[in-house]
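Right, one structure below, let's go through it.
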Amino acid sequence: MAIYNPKSKKAEEFINHEEILETLEYAEKNKNNVELIDAILEKARPKKTEHSFTCGGLSHREASVLLACEIPEKIEEMYKIAEQIKLEFYGNRIVMFAPLYLSNYCVNGCVYCPYHAKNKRIPRKKLTQEEVKNEVIALQDMGHKRLAIEAGEDPINNPIEYILECIKTIYSVNHKNGAIRRVNVNIAATTVENYRKLKEAGIGTYILFQETYHKESYLQLHPTGPKHDYDYHTEAMDRAMEGGIDDVGLGVLFGLELYKYEFAGLLMHAEHLEAVHGVGPHTISVPRIKRADDIDPNVFDNSISDEIFQKIIACIRLAVPYTGMIISTRESESVRAKSLHLGISQVSGASRTSVGGYTETDRPHDTEQFDVSDQRTLDEVVRWLMETGHIPSFCTACYREGRTGDRFMSLCKSGQILNCCHPNALMTLTEFLVDYASDETKKVGYALIEKELEKIPNEKVKKIATQNIEDIKNSNRRDFRF
Ligand code: SAM
C-alpha cells in the first residue's frame, strides 16, 4: 500500500487514496463541529499586515471539513470570506480569455469527450497555419489578447512540432491594433523535453485537467490510448515544472466522480506542487461535464447541483488564496455571476469550442467539444462585468515581465496589486474600448475607468496610468504595462 507523502514524485503517494478516504471520514465526523469549523474559518480569513493582507490558506483536511459542513450560517460565512479574499488579493479585476481549438484528432478513448477515437460521427479537423491565422484575426477583432489553445492527443496529426508551429503563428499575427500576448496551452500530458520546447515557445500557463483523481475510475473513464496511464497523467505537472514551466493550471472535470473525493485530491495536488517546487498552481479550473455530440452528461451519475458547485468554488478560494480561478462558458450567465463573488478571477468570453469556429458566421456544432451555455459576445460579457462592478482585464503583463511562479505570488502577497495589476487592467480595458467596443460599452467603460483610476494609491503610478490611457485614446500606441 502506498504511503501518503506530499513531497514524493509518485502519483500514488502524493495523491494518496487512503489519505483521501481518511480525509473524507474526518470531514464527515466534524461537519457539525462548530468549534473546529470556526477555527478553520478564522485561519482562512485575511489578516491585515503592515503593508497589506495575508492569508493562511487551508490544508485539504481543513477545507474538506468546510465542504462537508451543511450549516447554513457557516456556509454564508465561507462565502463572505471567499469574497473578501478575492477582493483583497485580486481586487475586482476579471481576466478575460478565449479557447482556440486547433485539432480534434485524438487517439484516446475518454468516455466523456466527443473527440474520443471511436467517434466516427464527427468530422476530424486540424487547422492549417493559414486557418490558425484567420482564427487569430477573428479573435483579435473581438478584442482578445489571451488564448488557451486546445487539441486532442494524436502523435501523428498533432505532434509537438505542430503545436509549436501554431504558437509561433499565433504570436506573429498583428491585425490592426490586435495582438495575442499570452498563449496558454491545454494539451495532453507529455515529456520534460516537450515541456521545455513549450516554455521556449513562450507559453503562459500549461493547463492540464486531471479529470478525476480517483485512480480506479480514471482507468475506466480512459479505457484506451496514452491517457489511460494514470501515473503519467498525474505526474505531468512535475515534468512541466522540471521543463521550466512554472505557471501550471489544475482542474478536475466535475461530474465524473464524487465531488468530495475530487476536491481533496485537487488540494493535495496543489500542496504537492508547493512542497516539491516551492510554488502552487497558478490557476485552478472548475469544468463540469456538458452535453456534446455523442456524450450525454446524464450518464455520469456524479453531477453536482449549482449550489454544491458554488460551495466548491468558495472552499477552493479559502484553501488556496493566491491561486487564480477560472470559469468557462460551460456555465450559464447566472452561475458565472454568482461565482465571481466566490473567488473566480478569470472568465472566457465568446468562446467557440469547435475547430475553426471563430471564422464561421454562425456557431458551428459539428466539431464542438461541448455545448456552450454562455453564448454572449465579448462586448456583451465585458459590459455585463462592468455593470456588475468588475473590471474586465486584458492584461498579460506578469509573465511578459518575468513575474511567473513564486514571483507572481509575491506580488500578490506584497499588496502591490493596486499599483500594478489594477492600472494594467485599466489600460488594457481602454485598449478594448477604443479598438473593439460598441458605443454603449464604451460609455459604461470610460466612466468606470475614471472612477477606478482614483483608487491607485501611488501618485506617480496614477499619473503615468492616466497619461497612458490618454495616449491609447488619442493614438495607436498600445501595450503599456507596469
Ligand atoms: N486532450 C487534452 C487532454 O487530454 O488533456 C486537451 C484538453 S481537452 C481539449 C480540454 C478539456 O475539456 C478536457 O481536459 C476535459 O476536462 C474537458 N472536456 C472534455 N469533454 C467534455 C465535456 N463533454 N464537457 C465538458 N468538458 C469536457
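The values are calculated or read from the model by the stated rules, or taken from the named source; none is laboratory data. The structure presented is a predicted model; accordingly, all values stated were derived computationally and were not measured. Here the Cβ is made from the backbone with ideal geometry for all residues, glycine too, and neighbour counts use every protein chain on show.
Does V132 meet the test of being aliphatic (A, V, I, L, M), at pLDDT 95 or above and under 25 Å from F480 (Cβ atoms)? When the stated conditions are applied, V132 does not pass them.
Do we have any residue at all in region 258-274 that's in contact with a Lys or Arg (Cβ under 6 Å, 6 or more places away or on another chain) and either more than 11 Å from the ligand (Cβ to nearest atom) or acidic (D, E) (or both)? Checking region 258-274: not a single residue is in contact with a Lys or Arg (Cβ under 6 Å, 6 or more places away or on another chain) and either more than 11 Å from the ligand (Cβ to nearest atom) or acidic (D, E) (or both). Looking only at region 199-226, count how many residues are more than 15 Å from the ligand (Cβ to nearest atom), assigned to a helix (DSSP H, G or I) and in contact with a strand residue (DSSP E or B) (Cβ under 9 Å, 6 or more places away or on another chain). Result for region 199-226: 1. Please verify whether region 304-325 includes one or more residues that are farther than 21 Å from H233 by Cβ, of a type outside the set (G, A, S), within 16 Å of the ligand (Cβ to nearest atom) and free of Cβ contacts under 8 Å to residues at least 24 places away in the same chain. Within region 304-325, not a single residue is farther than 21 Å from H233 by Cβ, of a type outside the set (G, A, S), within 16 Å of the ligand (Cβ to nearest atom) and free of Cβ contacts under 8 Å to residues at least 24 places away in the same chain.
Per-residue answers, yes or no, for (1) charged (D, E, K, R); (2) farther than 24 Å from L448 by Cβ; (3) within 16 Å of the chain's Cα centre (by Cα):
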position: L340; (1), (2), (3): no, no, yes
position: T359; (1), (2), (3): no, yes, no
position: F370; (1), (2), (3): no, yes, no
position: L385; (1), (2), (3): no, no, no
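Filter region 275-303 down to residues that are of a type in the set (S, T, N, Q), surrounded by fewer than 21 Cβ atoms within 10 Å (Cβ to Cβ) and within 13 Å of the ligand (Cβ to nearest atom) and give me whichever is nearest to A117 (Cα to Cα). Step by step, filter region 275-303, then rank; the result is N298. When restricted to residues that are farther than 14 Å from H60 by Cα and part of a helix (DSSP H, G or I), region 238-284 contains 7. In summary, F432 fulfils each of the numbered conditions (1) more than 21 Å from V183 (Cα to Cα); (2) of a type in the set (A, V, I, L, M, F, W, C); (3) in contact (Cβ under 8 Å) with a residue 24 or more places away in the chain; (4) crowded, with 22+ Cβ neighbours inside 10 Å with the single exception of condition (1).
Checking each residue in region 146-161 for being farther than 15 Å from E131 by Cβ and not β-branched (V, I, T) picks out R146, A148, G152, E153, D154, P155, P159, E161. Scanning region 287-334 for residues being touching a strand residue (DSSP E or B) at 6+ places or on another chain (Cβ under 8 Å) and over 17 Å from L221 (Cα atoms) gives a total of 16. In region 195-228, of all residues being among the hydrophobic types (A, V, I, L, M, F, W, C) and in contact (Cβ under 8 Å) with a residue 40 or more places away in the chain, the one that is surrounded by the most Cβ atoms within 10 Å (Cβ to Cβ) corresponds to I207. Please verify whether region 364-379 includes one or more residues that are within 25 Å of N92 (Cβ to Cβ), part of a helix (DSSP H, G or I) and in contact with a helix residue (DSSP H, G or I) (Cβ under 9 Å, 6 or more places away or on another chain). Checking region 364-379: at least one residue is within 25 Å of N92 (Cβ to Cβ), part of a helix (DSSP H, G or I) and in contact with a helix residue (DSSP H, G or I) (Cβ under 9 Å, 6 or more places away or on another chain). Is it fair to say E450 is without any contact (Cβ under 8 Å) to a residue 24 or more places away in the chain, of a type in the set (D, E, K, R) and over 30 Å from E50 (Cβ atoms)? Answer is yes for this residue.
Please go through region 143-179 and give me each residue that is assigned to a helix (DSSP H, G or I) and closer than 24 Å to V434 by Cβ, ordered by number. Within region 143-179, I170, Y171, S172 meet the criteria.
Looking across region 45-74, the residues that are at pLDDT 95 or above and in contact with a Cys (Cβ under 7 Å, 6 or more places away or on another chain) come down to A63, L66, L67.
To keep it simple, each residue is scored yes or no on (1) of a type outside the set (V, I, T); (2) touching a residue at least 24 places away in the same chain (Cβ under 8 Å); (3) within 16 Å of the ligand (Cβ to nearest atom).
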residue: A68; (1), (2), (3): yes, yes, no
residue: E73; (1), (2), (3): yes, no, no
residue: E77; (1), (2), (3): yes, yes, no
residue: I81; (1), (2), (3): no, yes, no
residue: V95; (1), (2), (3): no, yes, no
residue: L100; (1), (2), (3): yes, yes, yes
residue: V107; (1), (2), (3): no, yes, yes
residue: H116; (1), (2), (3): yes, no, yes
residue: K120; (1), (2), (3): yes, no, no
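Every condition in (1) within 21 Å of Q346 (Cα to Cα); (2) surrounded by fewer than 19 Cβ atoms within 10 Å (Cβ to Cβ) holds for R146 except the one numbered (2).
Here is a yes/no grid of residues against (1) touching a residue at least 40 places away in the same chain (Cβ under 8 Å); (2) within 16 Å of the ligand (Cβ to nearest atom); (3) touching a Pro at 6+ places or on another chain (Cβ under 9 Å); (4) among the hydroxyl-bearing types (S, T, Y):
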{"residue": "G152", "(1), (2), (3), (4)": "yes, yes, no, no"}
{"residue": "N158", "(1), (2), (3), (4)": "yes, yes, no, no"}
{"residue": "Y162", "(1), (2), (3), (4)": "yes, yes, no, yes"}
{"residue": "C166", "(1), (2), (3), (4)": "yes, yes, no, no"}
{"residue": "T169", "(1), (2), (3), (4)": "yes, no, no, yes"}
{"residue": "S172", "(1), (2), (3), (4)": "no, no, no, yes"}
{"residue": "G178", "(1), (2), (3), (4)": "yes, no, no, no"}
{"residue": "V183", "(1), (2), (3), (4)": "no, yes, no, no"}
{"residue": "I187", "(1), (2), (3), (4)": "no, yes, no, no"}
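Is it the case that some residue within region 406-417 is among the small types (G, A, S), within 16 Å of the ligand (Cβ to nearest atom) and either over 21 Å from N458 (Cα atoms) or in a helix (DSSP H, G or I) (or both)? No; the residues of region 406-417 include none that is among the small types (G, A, S), within 16 Å of the ligand (Cβ to nearest atom) and either over 21 Å from N458 (Cα atoms) or in a helix (DSSP H, G or I) (or both). Out of E35, E18, E28, E13, I need the residue that is of a type in the set (D, E, K, R), part of a helix (DSSP H, G or I) and touching a helix residue (DSSP H, G or I) at 6+ places or on another chain (Cβ under 8 Å). Which one? Residue meeting the stated conditions: E28. The requirement of being surrounded by 23 or more Cβ atoms within 10 Å (Cβ to Cβ) and either touching a Pro at 6+ places or on another chain (Cβ under 7 Å) or in a helix (DSSP H, G or I) (or both) is not satisfied by F309.
Q140 meets all of the listed conditions (1) in a loop (DSSP other than H, G, I, E, B); (2) away from the ligand (no atom under 16 Å from the Cβ) but one, namely (1).
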